[in-house]
Amino acid sequence: MTAYIDLKLYATLKKFSPPSPEKYPVEPGTTVLSVIEKLGIPKNEAKLVFIDGIISELTTPLHGGERVGIFPPVGGG
Amino acid sequence: MKDENLANIIRSRAFKSLFPDDTPYYGLASDQVATLEKSLPLSAIAIEIAALENDIIPERYVRNFKAFSYQDQIALLKSTVAIIGLGGLGGGVVEILARIGIGTLILIDGDVFEETNLNRQMLSTQNGIGTSKAVAAQQRVKKINSSVSTIIYKEFLDEQNGPSMLAEANVIVDCLDSITTRLMVQEIANKLQKPMVSSALAGASGQVTTILPGDKGLTLIYGEQARQSSTGVEKSLGCLPQAVTVLSALECSEVVKVLLNRGALLRNRLLIVDLHSNDFEIMHLL
């Protein structure tokens, strides 16, 4: 059964966005890491992962229905 | 000078006026503050504080009212804020904090302006290329609000000089462009038991957080990254002026709330701003 997540990619990661990021299909139990691998996002750029607004690990499993935000390291000023 | 004598002198120079909602107040014009500063053994800030203590508002702060109370404005005038980095974020922060009436600003930057700063750094001008950012900041503050005291350091903050530069600050504002230096500043702020407001950006995206002594703060955001690489993806995206300006305003908002001990702080939270998609989201770091 396919579930969907609402995926938000920020800054340099935007270019990896799938066609409908707000309804991105995932297999329940899949991890954020496998999502970024599938999208071709370099692991060292996926530094900050938020699931439903809470900082999370790349290994966190997804069940569908989550809002997933991925932010690269930014340091400019 | 006795407080009552001072109050009478200030009262004699105050005038009655109206807020835009037609409620009355007593105001004191900037030229009167300047005249009193010349004739009294007091700083302009001390005169402005004395005025406010007697329910007289220096005109330059009238539009801070009634969002601010007399006591709020006094608290800000008695405050010292250190701004580390006087580039994009720092330029906006200096502008706002001088106008809002922070009594003392510690301005730290060892850099000089270069042409690539002109897209976003409010203190940079075509004629100022090659000149000190700290001096430009001091000159700008003087032009905006000559009551504000400035202490400038035309050198980069490091582990050795940092503690003494920041010793008098009530709040430290991180306007740096290096992740490693940010982490160092957090360590110094923590040792000095000072609150710190931090922001960083790349392109049209950025983040803001507020760190109180003892908090994990930036280590929750950057982790070991901070030790390994001083820069983030701004290397490829640059820094856009509209994002820098929004983020510098958000930093100032946090500074004011810390100083007034009022309002919701971004403590253990990261406000993520993305102007491309118009996302403003508060993420929980704990």
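Quick notes on this structure:
- Unsatisfied cross-links (Cα-Cα over 20 Å) in the set A:Lys14/A:Lys43; A:Lys23/B:Lys235; A:Lys15/B:Lys235; B:Lys133/B:Lys191; B:Lys194/B:Lys216; A:Lys47/B:Lys216: A:Lys23/B:Lys235; B:Lys133/B:Lys191
- Separation of the B:Asp31 and B:Asp158 label points, Cα + 7 Å toward Cβ, nm: 4.9
- Accessible area that becomes buried as A packs against B, both chains, 1.4 Å probe, Å², nearest 100: 2100
- Distant-in-sequence amide contacts of B:Asp279, defined by a placed amide H-H separation under 5 Å and a gap of 5 or more residues or a different chain, comprise B:Asp274.
- Shielded residues, the range A:62-77 - accessible-area loss of 30 Å² or more between chain alone and all protein chains, probe 1.4 Å: A:Arg67, A:Phe71, A:Pro73, A:Val74, A:Gly75, A:Gly76, A:Gly77
- Nearest-ten-degree value, helix B:179-192 long axis tilted from longest Cα axis of chain B: 50
- Phi-derived couplings, Karplus 6.51 cos²θ - 1.76 cosθ + 1.60 at θ = phi - 60°, listed residue by residue for the range B:157-168: 6, 9, 4, 7, 7, x, x, 6, 4, 9, 4, 8 Hz, with x used for Gly and Pro.
- Apportionment of accessible area to carbon and sulfur, chain B, percent (1.4 Å): 49
- Just so you know, the Cα atoms of the protein assembly as shown work out to an Rg and Dmax of 23.1, 82 Å.
- Residues along the range A:1-16 losing 10 Å² or more of accessible surface when the other protein chains are present rather than the chain by itself (probe 1.4 Å): A:Lys8, A:Tyr10, A:Ala11, A:Thr12, A:Lys14
- Taking all protein chains as they are arranged and a probe of 1.4 Å, the heavy atoms of B:Ser146 leave approximately 60 Å² accessible to solvent.
- Among A:15-28, B:204-217, B:170-183, the order from most to least packed when residues are scored by Cβ within 10 Å on average: B:170-183, B:204-217, A:15-28
- Each of B:Met196, A:Met1 has its accessible area taken with a 1.4 Å probe; listed largest first, they run A:Met1, B:Met196.
- Karplus-derived HN-Hα couplings along the range A:19-30 (A = 6.51, B = -1.76, C = 1.60, θ = phi - 60°), whole Hz, x at Gly and Pro: x, 10, x, 6, 9, 8, x, 9, 7, x, x, 5
- 0 to 90° range, to nearest 10: angle between helix B:88-100 axis and chain B longest Cα axis: 20
- Debye intensity ratio in log₁₀ form over the Cα atoms of the range B:3-68, taken at each q of 0.14, 0.22, 0.27 Å⁻¹: -0.37, -0.86, -1.23
- Per residue value of the accessible surface for the protein assembly as shown (all protein chains in place, 1.4 Å probe), Å²: 44
- At least 20 Å² accessible surface lost relative to isolated chain, residues of the range B:236-285 (1.4 Å probe): B:Leu237, B:Ile272, B:Asp274, B:His276, B:Asp279, B:Glu281, B:Met283, B:His284, B:Leu285
- Net charge in the neighbourhood of B:Glu48 (other residues with Cβ under 11 Å of its Cβ; Lys, Arg +1, Asp, Glu -1) is -1.
- Solvent exposure, largest accessible area first (probe 1.4 Å, DNA, RNA and ligands not counted), of B:Leu237, B:Leu107: B:Leu237, B:Leu107
- Charge dipole (debye, nearest 20) of chain B; +1 at Cβ of Lys and Arg, -1 at Cβ of Asp and Glu: 440
- Of the accessible area of chain A, computed with a 1.4 Å probe over protein heavy atoms only, carbon and sulfur atoms account for 55 percent.
- The alpha carbon convex hull volume per residue for the range B:1-152 rounds to 119 Å³.
- Peptides B:184-190, B:15-21, B:157-163 ranked from most to least packed give B:184-190, B:157-163, B:15-21, packing being the mean of other C-beta atoms within 10 angstrom over each peptide's residues.
- Converting phi to 3J(HN,Hα) with the Karplus coefficients 6.51, -1.76 and 1.60 and the offset θ = phi - 60°, the range B:273-286 yields 10, 9, 6, 5, 9, 6, 8, 10, 10, 8, 9, 8, 8, 10 Hz in sequence order, with x at every glycine or proline.
- Amide H contacts of B:Thr131 (H built 1.01 Å from N, in plane; Pro and chain starts excluded): B:Phe113 sit under 5 Å, all sequence-distant by 5 or more or on other chains.
- Calculated over the range B:79-284: convex hull of Cα atoms, volume per residue (Å³): 110
- Accessible surface comparison of B:Phe65, B:Phe156, B:Phe113, probe 1.4 Å, protein chains only, largest first: the order is B:Phe156, B:Phe65, B:Phe113.
- Approximating the spin labels as points 7 Å out from Cα along Cα→Cβ, the B:Leu42-to-B:Ile144 distance works out to 2.5 nm.
- Put simply, the amide H of B:Thr231, placed in the peptide plane, has neighbours under 5 Å in B:Ile179, leaving out anything fewer than 5 places away on its chain.
The values are calculated or read from the model by the stated rules, or taken from the named source; none is laboratory data. Just so it is clear, the structure is predicted and the values come from calculations on it, not from any experiment. Counting neighbours? That spans all protein chains shown, and the Cβs are built from the backbone with ideal geometry, glycine included. These accessible areas exclude ligands, DNA and RNA; they are computed on the full protein's heavy atoms, side chains included. Shrake-Rupley method; radii C 1.70, N 1.55, O 1.52, S 1.80 Å.
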